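Below: the structure, in structure tokens.
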Amino acid sequence: MKTIAIQLLDRDQPPDLFLVCLFSLGMTMYLLNSLMQMFYLAAVAEQGYPQSMVLASSLISIFNNVGIAVGSAVGGGVATHLGLNWLELSGGGHIHRCCLIALLLLNRVRRQAENE
């Protein structure tokens, strides 16, 4: 990602190319986010807990805002204290921690389902 950004920010590249790539990235993230929300609401909440659809729907926007706030705070702290070069490693570390937490939660849910 850093290599792509550096190439796009190169002075020899036309600025329109950078804007097109940035717009495409934003639209892709926006479209996939909505699809993922609908999938999990339909697949998980509606089948397992149909009475909690409104709660699940409201929790999505709450935790989206929490994620933005935490990401901004951590990114700002890393950029301020360690420099911009450490942002990639910091983000990668957070991704690994989130995947580990998701796997641990998944194993816990599976064990509870087997015990019932």
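The values are calculated or read from the model by the stated rules, or taken from the named source; none is laboratory data. In this text, all values refer to a predicted model and were calculated from it rather than measured experimentally. Here the Cβ is made from the backbone with ideal geometry for all residues, glycine too, and neighbour counts use every protein chain on show. These accessible areas exclude ligands, DNA and RNA; they are computed on the full protein's heavy atoms, side chains included. Shrake-Rupley method; radii C 1.70, N 1.55, O 1.52, S 1.80 Å.
Structure values in brief
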item: Any hit, region 30-45, residues being out of contact with any strand residue (DSSP E or B) (no Cβ under 6 Å at 6 or more places or on another chain), open to solvent by less than 80 Å² (accessible area, probe 1.4 Å) and at pLDDT 80 or above; result: no
item: Flag for V109 being at pLDDT below 90 and among the β-branched types (V, I, T); result: yes
item: Any hit, region 94-108, residues being part of a helix (DSSP H, G or I), surrounded by fewer than 10 Cβ atoms within 10 Å (Cβ to Cβ) and of a type in the set (S, T, N, Q); result: no
item: Residue count for region 58-116, restricted to those that are among the hydrophobic types (A, V, I, L, M, F, W, C) and touching a residue at least 24 places away in the same chain (Cβ under 8 Å); result: 0
